[in-house]
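Before any comments, here is the structure.
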Amino acid sequence: MTLAIQARGLTRRFGAVLAVDSIDLEIEEGETFALLGPNGAGKTTFISMLCTLTRPSGGTAVVGGFDVARESLKVRRTIGIVFQEPSLDDLLTGAENLRLHCLLYGVPPREIEGRVERMLRTVGLKGREGERVRGYSGGMKRRLEIARGLIHRPRILFLDEPTLGLDPVSRRAVWDHIREMKAAEKTTIILTTHYMEEADGLSDRVALIDRGRIREMGSPEELKRRVGGDIVRLRGRVAPRDFAGLDFIREMTHEDGGVRLAVDDAPRRLKALLDRCPAASEVEVRRTTLEDVFLKFAGRPLKNGEDAPGTDEEVR
């Protein structure tokens, strides 16, 4: 096993605030690794340390074989980044932004125009490449940011909310290109996202991060199996005691107006469940998602995490 990234006790403090709390992590070359968590979980601070944009307060990290604290320039030559915040030159055209990035990263001159052409088509900007970026919409700028981060074919690519604000067609095109690049170049990809289908469909492994610590880690399927195969919600005159003794129920949670069950093979078990609660007025059955996983292990939903002191937004 060859490691692309290795972190040991990686920590970041901002005064008295502990934003990232002693994270240990190994990511293999060619792996797509997703970080999931609510706003303020520590994702962006953690990524910023790996990218050498924020200096660790403690611990170590090696990216592409180089120490992030002692060999930051070598790390930067190895990686590509798509930031949350815009970083384009809006006085240049879209194509000029891409050409400049190619020159900065040493792309062979004979390959530049071909790469620019391909990336413009991938992100849906072909035909608009001659316009100055200051006239682009927010979504167009986001797509150009993604094209710029991918165009030099980095060994390790950091994608911080890469498809935020994109329409479904553009988002799908970016996913397809990421898959193609991974297959062709064996690029290691570290992804932060709030889109559950993005993490589920692209990632080899997922880490659930909250309050600066990794709470759970594994492949998407492994994590979902730890919760249970399916989720069943029953509302009305129903209580957890109605289901005592049913060994196919992984977990029971009381909710306002009913119960939430994690169940193995819900379609086959549904009749047995309904026999126990004939007064149930509403039934919902669905597959377990990564958001269910996060709710179980972190104790709060991904989409509704409230920022607290020491969040990425406050400490960036």
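Just so you know, all these numbers are worked out from the coordinates, no wet-lab data involved. Predicted model, so just to flag it, every value in this text is computed and none were measured. A quick note on method: Cβ atoms are made from the backbone with ideal geometry, for glycine too, and the neighbour counts reach across all protein chains shown.
To the nearest 0.05, how large is the calculated FRET efficiency for Glu251 and Ala272 if R₀ is 25 Å and r is the Cβ-Cβ distance? Once the sixth-power term is evaluated, E becomes 0.90. If you build a Gaussian network model of the chain, linking Cα atoms that sit under 10 Å apart, which residue out of Arg286, Arg225, Arg77 swings the most? Per the Cα network of the chain with a 10 Å cutoff, Arg286 tops the list.
Under a model in which nothing but the beta-carbon of Lys, Arg (+1) and Asp, Glu (-1) is charged, the chain shows a dipole of about 300 debye around its Cα centre. Between 0 and 90 degrees, the angle of helix 94-104 with respect to the longest Cα principal axis of the chain falls at about 70 degrees. With everything on Cα atoms, drop me the angle between helix 266-276 and the longest principal axis of the chain, reported from 0 to 90° to the nearest 10. Helix 266-276 sits roughly 30 degrees off the main axis of the chain. For the chain, the number of Lys pairs separated by eight or more positions or lying on different chains, with C-alpha atoms closer than 20 Å, is 6. Averaging 1/r over every pair of different alpha carbons in the chain and inverting the result gives a Kirkwood radius of 21.4 Å.
What distance in nm lies between label points placed 7 Å from Cα along the C-beta direction at Arg226 and Leu164? Output for this residue pair reads 2.6 nm. Only helices enter this figure: runs of n ≥ 4 DSSP H residues, each worth -39500 (n - 2.57), summed and divided by the residues of the chain, yield -10000 deg cm²/dmol at 222 nm to the nearest 500. Here the relative contact order of the stretch 3-218, from alpha carbon pairs under 8 Å that lie six or more residues apart, stands at 29 percent.
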